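> Here it is, the structure in full.
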Amino acid sequence: MLSAIEIEKITHELQQVPVKKAACIEALKIVQQERRWVSDESVADIAAMLEMSTAEVDSVATFYNLIFRQPVGRHVILLCDSISCYVMGYTVLRQRLHEILLIGYGQTTADERFTLLPNACLGTCDHAPALMIDDDLYRDIQPADLEQILEKYH
Amino acid sequence: MERPLTQHIPENGAALHLREYEAVGGYTALRKALRDMEPAQVGALVKDANLKGRGGAGFATGVKWSFVPMNVPGPKYLIANADEMEPGTFKDRWLLEGNPHQLLEGMIIAAYAIQATDAFVFLRWAYKDAAREMRRAIADAYTAGYLGKNILGSAFSLEMQLHTGVGRYMCGEETALLNSLEGKRATPRAKPPFPQVSGLFGKPTIVNNVETLSWISHIVNNGEAWFKSLSYTADGGTKIYGVSGRVNKPGAWELPMGITMRELLEEHAGGMRNGYRFRGALPGGASTDFLTDAHLDVKMDFAGVAAAGSRLGTGTMVVLDDHTCPVGFVHNLEHFFAQESCGFCTPCREGLPWTEKILWSLENGTGEPADLELLERHTKLLGPGNTFCALAPGAMEPLQSALKYFREDFEQHIKEKKCPYAHHQH
Ligand SMILES: Cc1cc2nc3c(=O)[nH]c(=O)nc-3n(C[C@H](O)[C@H](O)[C@H](O)COP(=O)(O)O)c2cc1C
Ligand code: SF4
Ligand code: FES
């Protein structure tokens, strides 16, 4: 069931758009903001509210890289795997992250602290390699910096 | 040397806020346009200036605006494309974070020129600082009377919204962007009808890049002759160029349009890092053809880069050095394009993963001589005209040029059954 807050926020979005469907992505964002991910149940709830089929909402939800259809950890690490970061050594960072967190891409640590995901260019290629944790951007990273960066997140 | 777009951006990277922007002449162009100019005059001025789009394709902005039918009732839309997901590209970020009001003023004037009722900034998710600054700038502009009903007492009204994306390269393609704004999957639309006639929710819509729109107030204030005088070549204005890779000072700079690749690399980016040699560069982001050291004197404008066999694209260059495997480099690019393909048309959906697989096997020493021919064939089959949008042809540009300029590297992988650069593993 959608929470009262979610319903209120989605209702607000519905007032901004000429057709209900147009609020679909915003609705997914709202639910994810509240729950960190979007479950099958939430997809069905959004579909009901926007008068769409669940399949249609799901097709939108699964299209976008940053709508999570599986539970994620408390913090999401997005490691840039695009070209400037490749040249500047992202593969070493990836290796180090695998070693420190003992997880691969798409996985969550056993304590649910981190989920590790690859991400296309973060738009800070002059400071490659780069990664983002939640809303925080880290640039010009050396592999040795990683542990200290991760310590900030519990 | 004038730097109209970036000169007022504070050195510390903070945004120029409303009062500061006004203090350096901000919103005078908007007053001038609303008071002294008809919408059509604004369009004509931008056309005369021959401002070319800075989002990649380089289409003339004034000409694009002129396709909007002016006599139809109902809403019209203006959208700033701030998706900037092309790998190697980071120029719009500078403008968004540093001078958000410059973009807003340009958007309001552009909206006036096409008589738009609503405007959107389509901003990528990862740009958190830009989102914060844009949100604040929009709110401040409303408070100051630059947005909303009867702007500055004129008959013109405009509503402005910030939309943040949820991550997909296709959202930057202008028709896919429209679908995404409508809450749908970001797949491209068939053209015609062109968005200028039938765009967002079926209404006339203009989509322009952030850097393009940031020019409008300056052109209104200073005129077409001034705009043209900023450039070294026939393409007017300055350009925000960038360089990333193993150079001494990676970064972005606003410079006269038509500066040479050599000047960019050596003077602004500080040359190659000690121990690294320049082998080539993608002059304008991930979807452009390599240029090599034979092209260092090429002028970085639309015609100059095209004559050298590539595209100016976004004007942000990615450098390939002699310690980085060209096959690995191209593999990384094709991995990106395969991931980000929207899957809508078969050549791209099937061809890109195939291309990626072939490159993977070459890199891992299991490639065969026939693979190179197969790759060449892909560059034709996924080339212009065979796919629904420009993503797949764009993906083939670095590949086809790598096969041309770095052929011996591809062949060496096959012959030695391993990556000759493996010992350089960064
Ligand atoms: C796959 C793809 C991604 C694109 N991404 C962007 C983008 O992030 N930003 C942008 O301004 N243009 C992007 N473009 C180009 C737009 O389709 C469009 O040409 C541009 O926004 C028009 O603005 P301009 O005329 O001011 O250059 C992309 C094109 C393609 C094919
Ligand atoms: S070329 Fe690729 S990205 Fe473009 S429509 Fe076809 S499948 Fe989608
Ligand atoms: S390639 Fe990593 S930030 Fe652009």
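> Could you give the size of the charge dipole of chain B about its Cα centre, using +1 on the Cβ of each K and R and -1 on the Cβ of each D and E, expressed in debye and rounded to the nearest 20?
So the magnitude is around 800 debye.
> I want to check the label-to-label distance for B:Thr346 and B:Asp48. Put each point 7 Å from Cα in the C-beta direction and report it in nm to one decimal.
With each label point 7 Å from Cα toward Cβ, the separation is 5.2 nm.
> Let me ask another. Run the quick spin-label model on B:Trp360 and B:Ala306: label points 7 Å from Cα toward the beta carbon, then report their separation in nm to one decimal.
3.7 nm
> Please turn the phi angles of region A:20-26 into ³J(HN,Hα) values with the Karplus equation 6.51 cos²θ - 1.76 cosθ + 1.60 (θ = phi - 60°), one per residue in order, whole Hz, x for glycine and proline.
Those phi angles translate into 4, 3, 5, 8, 4, 5, 4 Hz.
> Nearest 20 debye, what's the magnitude of the dipole of the protein assembly as shown about its Cα centre given +1 on Lys and Arg Cβ and -1 on Asp and Glu Cβ?
880 debye
> Still on this structure: Between B:Ala155 and B:Lys418, what length comes free when the chain is fully extended (0.36 nm per residue of separation minus the Cα-Cα distance, one decimal in nm)?
87.8 nm
> Subtracting the Cα-Cα distance from 0.36 nm times the residue separation, let me have the gained length for B:Phe194 to B:Lys404 in nm, one decimal.
My answer for the length gained is 72.0 nm.
> Moving on to the next point. Students often check this: by mean Cβ neighbours within 10 Å, which of B:62-72, A:119-129 ranks highest, and how do the rest follow?
Final packing ranking: A:119-129, B:62-72.
> Which whole-number percentage describes the relative contact order of chain B, with Cα contacts under 8 Å and a sequence gap of 6 or more?
Answer for chain B is 15 percent.
> If Lys and Arg each add +1 and Asp and Glu each add -1, what is the summed charge of the other residues whose beta carbon sits under 10 Å from the beta carbon of B:Gly328?
Local charge sum for B:Gly328: -2.
> Further question on the same structure: Averaged per residue, what accessible area in Å² does region A:75-152 show with a 1.4 Å probe, protein chains only?
39 Å²
> Another question, then. I'd like the Karplus ³J(HN,Hα) series for region A:39-50: coefficients 6.51, -1.76, 1.60, θ = phi - 60°, whole numbers in Hz, and an x wherever there's a Gly or Pro.
7, 4, 4, 5, 4, 5, 5, 5, 4, 5, 5, 9
> Suppose all protein chains stay in the model; what accessible area per residue would a 1.4 Å probe give for region A:4-63, in Å²?
In whole numbers, region A:4-63 has 49 Å² accessible per residue.
> OK, next. Using a Förster radius of 56 Å, what is the FRET efficiency between A:Leu102 and B:Thr28 based on their Cβ-Cβ separation? Nearest 0.05, please.
0.45
> How high is the FRET efficiency from B:Glu373 to B:Ala40, r the C-beta distance, R0 56 Å, rounded to 0.05?
It comes to 0.55.
> If ligands, DNA and RNA are left out, what is the accessible area of B:Glu368 with a 1.4 Å probe, given in Å² to the nearest 10?
Accessible surface of B:Glu368 is approximately 110 Å².
> Rank these residues by their accessible area, most exposed first, probe 1.4 Å: B:Ser229, A:Ser82, B:Ser154.
Largest to smallest exposure gives the sequence B:Ser229, B:Ser154, A:Ser82.
> Okay, next question. Return the carbon/sulfur percentage of the accessible area of chain B, one whole number, probe 1.4 Å, all protein chains in place.
In chain B, the share of accessible area belonging to carbon and sulfur is 52 percent.
> Largest first and in whole Å, what are the equivalent-ellipsoid semi-axes of region B:326-416 based on the Cα gyration tensor, each being the root of 5 times an eigenvalue?
22, 12, 11
> A follow-up question, please. Treating only the Cβ atoms of Lys and Arg (+1) and Asp and Glu (-1) as charged, compute the dipole magnitude of region B:326-416 about its Cα centre; round to the nearest 20 debye.
In debye, rounded to 20, region B:326-416 gives about 280.
> OK, next. So which residue, out of B:Glu84, B:Glu373, B:Glu173, gets the largest mean-square fluctuation from a GNM of chain B using Cα contacts under 10 Å as springs?
Its mean-square fluctuation being the largest, the pick is B:Glu373.
> Let's test the formula: R0 of 35 Å, r as the Cβ-Cβ distance of A:Thr54 and B:Tyr142. What FRET efficiency results, to the nearest 0.05?
0.40
> Would you work out which of B:Gly385, B:Thr238, B:Leu403 lies farthest towards the positive end of the dipole of chain B? Charges go on Cβ: Lys and Arg +1, Asp and Glu -1.
B:Gly385
> Residues with amide H under 5 Å of A:His75's amide H, sequence separation 5 or more or different chain, H placed in the peptide plane at 1.01 Å from N; which?
When sequence neighbours closer than 5 places are left aside, the close amide H contacts are A:Phe114, A:Thr115.
> Still on this structure: Calculate the mean, over all residues of peptide B:79-89, of how many other protein chain Cβ atoms lie within 10 angstrom of the residue's Cβ.
Per-residue shielding by partner chains comes out at 4.
> If you take every DSSP beta bridge fully contained in chain B, what fraction is antiparallel? Give it as a percent rounded to 5.
45 percent
> Given a 10 angstrom Cα cut-off, can you work out which residue in A:Ala110, A:Ala61, A:Ala47 is the most mobile in a GNM of chain A?
Of A:Ala110, A:Ala61, A:Ala47, the Gaussian network model singles out A:Ala110 as fluctuating most.
> Taking θ = phi - 60°, what integer Hz values does the Karplus form 6.51 cos²θ - 1.76 cosθ + 1.60 yield along region B:334-346, in sequence order, with x for Gly and Pro?
Coupling constants for region B:334-346: 5, 4, 4, 5, 5, 4, 8, 4, 7, x, 6, 10, 4 Hz.
> With a 10 Å radius around each residue's Cβ, average the other Cβ atoms per peptide and rank B:181-189, A:99-107, highest first.
B:181-189, A:99-107
> If the limit is 23 Å between Cα atoms, which of B:Lys380/B:Lys418; A:Lys29/B:Lys128; B:Lys64/B:Lys228; B:Lys64/B:Lys191; B:Lys47/B:Lys239 go over it?
Correct reply: B:Lys380/B:Lys418.
> By the scheme Lys and Arg +1, Asp and Glu -1, what is the net charge of all other residues having a beta-carbon under 15 Å from that of B:Pro369?
Residues close to B:Pro369 contribute a combined charge of -4.
> So how far apart, in nm, are the two label points at A:Ala44 and B:Met70 if each is 7 Å from Cα heading toward Cβ?
With each label point 7 Å from Cα toward Cβ, the separation is 5.5 nm.
> For the protein assembly as shown, what does the alpha-carbon gyration tensor say about shape, rounded, prolate or oblate, given a ≥ b ≥ c as the root eigenvalues, a/c under 1.5 as rounded, and a/b over b/c as prolate?
It is oblate, given that a/c is not under 1.5 and a/b is not larger than b/c.
> How about chain A: what cysteines have no other cysteine beta carbon under 4.7 Å from their own?
Those would be A:Cys24, A:Cys121, A:Cys125, since no other cysteine Cβ in chain A comes under 4.7 Å of theirs.
> If you don't mind, there's one more thing I want to ask. Calculate the mean, over all residues of peptide B:328-336, of how many other protein chain Cβ atoms lie within 10 angstrom of the residue's Cβ.
Partner Cβ neighbours, averaged per residue: 4.
> What's the total accessible area buried between chains B and A, using a 1.4 Å probe, rounded to the nearest 100 Å²?
Result for this pair: about 3600 Å² buried.
> Here's something else I'd like to know. Quickly rank B:374-381, B:54-61 as a protection proxy: mean count of other C-beta atoms within 10 Å, highest first.
Most protected by this proxy first, the peptides run B:54-61, B:374-381.
> Shape verdict for region B:127-178, please, from the Cα gyration tensor: rounded (a/c under 1.5), prolate (a/b greater than b/c) or oblate.
Oblate, since a/c reaches 1.5 and b/c is not below a/b.
> Here's another thing I want to ask about it. Under 19 Å from the Cα of B:Lys149, which lysines turn up, not counting those fewer than eight places away in the same chain?
B:Lys32, B:Lys76
> Report the one residue of B:Phe120, B:Ala269, B:Val46 whose Cα lies farthest in the direction of the positive end of the charge dipole of the protein assembly as shown (charges on C-beta: Lys and Arg +1, Asp and Glu -1; origin at the Cα centre).
B:Val46
> Report the full-extension gain for the segment A:Ile5 to A:Ala144: residue separation times 0.36 nm, less the Cα-Cα distance, to one decimal in nm.
45.9 nm
> Once amide H atoms are built 1.01 Å from N in the peptide plane, which residues 5 or more positions from B:Thr316, or in another chain, come under 5 Å H to H?
Counting only residues 5 or more places away or on other chains, the set is B:Gly242, B:Gly285.
> Averaged over its residues, how many other protein chain Cβ atoms are within 10 Å of peptide B:195-206's Cβ atoms?
Average neighbour count from other chains, rounded to a whole number: 1.
> Taking only protein heavy atoms and a 1.4 Å probe, what accessible area per residue, in Å², does chain B have with all protein chains in place?
Spelled out: the 1.4 Å probe surface of chain B, per residue, equals 37 Å².
The values are calculated or read from the model by the stated rules, or taken from the named source; none is laboratory data. Fair warning: this is a prediction, and the values are worked out from it, not measured in the lab. Counting neighbours? That spans all protein chains shown, and the Cβs are built from the backbone with ideal geometry, glycine included. Ligands, DNA and RNA are stripped out before the accessible areas are found, and what is left, the full protein with its side chains, is counted by its heavy atoms. Shrake-Rupley method; radii C 1.70, N 1.55, O 1.52, S 1.80 Å.
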